[in-house]
Amino acid sequence: MARLGPFAILVALLAFLAAGCGGSSGSSASGTTTAAASCDKGDLNLVKSGTLTVGTDNPAYPPWFGGDPKSPWKVSYPPSGEGFEGAVATAVAKKLGFAKNEMTWIVVPFNTSFAPGPKKFDFNINEISYTPARAKVVDFSSSYYDVNQSVVGLKSQPIAKATSTADLKPYKLGAQLGTTSYDYIVKTIKPSQKPAVFDTNDAAVQALKNKQIDGLVVDLPTAFYVTAAQVPNSAIIGQFPTSGTPEHFGMVLQKGNSLTKCVDDALAQLRSSGQLAQIQQKWLAKAAGAPVLK
Amino acid sequence: MITNAPGWSEVRRTFFDWGQFKASMPEIARAFLLNVKIFLIAEVFILVFALLIAVMRSLPGPAFFPLRAIAIVYADFFRGVPTILVIAVLGFGAPGLQLQSVPLSTTFWGIVSLVLVYTAYVSEVYRAGIESVHPSQEAAARSLGLNRWQSLRFVVLPQAVRRVVPPLLNDFIGLQKDTALVGVLGSVEAFKQSQIDTAATFNYTPYLAAAVLFVALTIPLARFTDWLIARDRRRRQTARVA
C-alpha cells in the first residue's frame, strides 16, 4: 500500500486538474452554438467585437507573410497584409467587412492553434493542413491552398542525389512535431532510421544546417524559403507526388463556431472571382517548379 | 467524488483512455530506453566530476585560491542557468560551429549538458558532506603521519560520501526526470514520443503512459533512499549507545 500511495495521489491530482479544465471548455462551447447564423458584420461571432482577431505563429515566414518586421513580429509583419497567407486573410477580412486596420493579429504557436478548447482568435492562418483528427476538435475553413510535401537537403550530402521516395529511406529525416510532414515520413517514406522530431520548424531547420539530420520534410512553399534564405547550400531534393485526395491548408476556427460558414462564403467568393488564384500567382508562383520524386 | 464531478467522462476519455494507453505504450517504452541510457551514462560522469569540483573547493590556503575560484564560479554558473537553456545552446550551438572534431549527435550533447548542470548541484552535496566531517578527524589523520592527500582519501572522503548518499540519490532522481529535456534537440525520448502520439490524436493518455514509466523508475529509488536513511540513522544510534 505504501508503494501505491504517491501514485494514487498523482492520479487524483491529474483528475482534479482535468475536471476543472473539462468543465470550463464544455460551457464555453455550448455558448458559441447559440450565436447568430447571419454573416452581416454586426452579427458575426467575434472574440472581441469591432475587430477581427487573426492568429499565426511568430516568426511569420515568407512566402506566407511579408513586410518589414515590427515588434513583436520577427522576419515579416503579418498586419502588412503581404505574403500569401497575409493577403488571403486580409481579402477574407475585407469580404467580412473588416478593413486592414480593423484586424488584430496575435501570436499563436503552431501546435496550440489546432488543439481542443476555447480560442483567443477568430480564425488562425498558419499553413495548417486539414486532417480528420484535427477536424474533430476544431473547425476548418474550406481549402485556400492545395499543398505538396517536399524534402530539403544540403547539396554537399549524399541525400541530394535521391530521385525517388525509396531513395530517401536510408537517411535521417526530420520534421516539426504534430505536422502532416511528420506523418508523411512515418506513413509514406518509412525511413530505416527513426526520424528526429522538433518542437518548432526553426529547430528542425537548425538541425539541417548542423547536419544533425540529412533531410527536412516541409510543405513545398516553406521549402523554397528554407533553401533561399535560411540554409546556405541547401536544395529542394524534390516534392512528393500527390496521391489520393490532395493535402490542403484551411483556416482554423473554434469548433462549432458560426463564423466558419462566413469564412467559407468569403473564400468561395474569392475563388469564383479569381482573386484567390491571383494572390497565389503573386506570392507562390515559384512553388510550381520543384522536381517530383518518383 | 471525482468520478461524479461534471465532465468526468470527458476527463476519462482524454486522460485515461485504456485503449490509447495500450496502443501508445510500446513505442513510448522503447523511446524511454533512450532516457535510461542518457541518465545512466550521465550519472557516472556526474559522480566523478562533482567529487573533483567539491575537493577543489575544499582545498585550504591561498596557494589553492585559483582552483577554489574556478570551482565556485562553475557551481554558481551552472546552478543558476536553466537546464533547457544549456541543452539548447550546446545541442544546437556546438554542432553549428561545423568543426570537424565536434560530434553532431544530439544525444551526446544532451548528456554533456546534463553532466555540466548536475555536476554543479552534486558538487555542493559532496561539499556539504566534506564539511560535515569534524576537523579533528583530519588533524588525527595528519598526526598519524598521513599526508594531506592521504587523509582526504582514506579518512575524510569515506565518511563524507557515506553521509551524503541519500541527497545524491535525490539528485539522481532529478536527473532521470530532466532527461526529458533532451527532447528539444529532436531526439525522440519518452516525453517526445508521447507528444507525437498526443499531437496525432488530441488524446492526452500517452502523456500519462510516459509519466507511469518515469514514476515506475523513480519510486523504487525513492523507497531505497528512505531505507538507506533509516539504516544510517539506526547505525549511528547504536554506535552512540555503544
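The values are calculated or read from the model by the stated rules, or taken from the named source; none is laboratory data. Here the structure is a predicted model, which is why all the values come from computation and not from measurement. Neighbour counts run over all protein chains shown; Cβ positions are idealised from the backbone, glycine included. Areas reflect the complete protein model, heavy atoms only, side chains present, ligands, DNA and RNA absent. Shrake-Rupley method; radii C 1.70, N 1.55, O 1.52, S 1.80 Å.
Return only the number of the condition from (1) within 14 Å of another protein chain (Cβ to nearest Cβ); (2) at negative phi that B:Q98 does not satisfy.
Only one criterion in (1) within 14 Å of another protein chain (Cβ to nearest Cβ); (2) at negative phi is unmet by B:Q98, namely (2).
Output the number of residues of region B:1-50 satisfying the condition of being over 21 Å from B:A210 (Cβ atoms) and more than 14 Å from chain A (Cβ to nearest Cβ).
Qualifying residue count for the region: 7.
Quick check on A:Q212: is it within 14 Å of chain B (Cβ to nearest Cβ), in contact with a Ser or Thr (Cβ under 8 Å, 6 or more places away or on another chain) and either in a loop (DSSP other than H, G, I, E, B) or surrounded by 16 or more Cβ atoms within 10 Å (Cβ to Cβ) (or both)?
Yes.
Which ones in region A:170-208 are assigned to a strand (DSSP E or B) and closer than 21 Å to A:E247 by Cα?
Residues satisfying the conditions are A:L173, A:G174, A:A175, A:Q176, A:V197.
Condition first: open to solvent by 10 Å² or more (accessible area, probe 1.4 Å), among the aliphatic types (A, V, I, L, M) and within 25 Å of the chain's Cα centre (by Cα). Now tell me which residues in region A:142-193 satisfy that.
Scanning region A:142-193 gives A:L154, A:V186.
Among the listed residues A:V231, A:V218, A:V205, which satisfies the condition of being touching a Lys or Arg at 6+ places or on another chain (Cβ under 7 Å), of a type in the set (A, V, I, L, M) and either at the interface with another protein chain (Cβ under 10 Å from one of its Cβ atoms) or surrounded by 16 or more Cβ atoms within 10 Å (Cβ to Cβ) (or both)?
Going through A:V231, A:V218, A:V205 in turn, the sole match is A:V231.
Pick from region A:107-132 the residues that are in contact with a strand residue (DSSP E or B) (Cβ under 7 Å, 6 or more places away or on another chain) and part of a strand (DSSP E or B): which of them is farthest from A:P62 (Cα to Cα)?
Among those that are in contact with a strand residue (DSSP E or B) (Cβ under 7 Å, 6 or more places away or on another chain) and part of a strand (DSSP E or B), it is A:F123.
Which condition from (1) crowded, with 22+ Cβ neighbours inside 10 Å; (2) more than 14 Å from every other protein chain (Cβ to nearest Cβ); (3) outside any helix (DSSP H, G or I) is the one that B:Y126 breaks?
(3)
Quick one: which helices (runs of 4 or more DSSP H) sit completely within region B:1-111 and have at least 3 residues that are among the polar types (S, T, N, Q)?
Working: elements: B:8-15, B:18-58, B:65-80, B:83-88.
Here the list reads B:18-58.
When residues of region A:255-294 are filtered for being among the hydrophobic types (A, V, I, L, M, F, W, C) and exposed (fewer than 15 other Cβ atoms within 10 Å of the Cβ), how many remain?
Residues meeting the conditions: 5.
If you check B:A200 against the conditions, is it assigned to a helix (DSSP H, G or I), within 13 Å of another protein chain (Cβ to nearest Cβ), open to solvent by 40 Å² or more (accessible area, probe 1.4 Å) and not hydroxyl-bearing (S, T, Y)?
Taking the combined requirement at face value, the residue satisfies it.
Could you tell me whether B:S101 is more than 20 Å from B:S123 (Cβ to Cβ) and hydroxyl-bearing (S, T, Y)?
Numbers: more than 20 Å from B:S123 (Cβ to Cβ): yes; hydroxyl-bearing (S, T, Y): yes.
Criteria met by B:S101.
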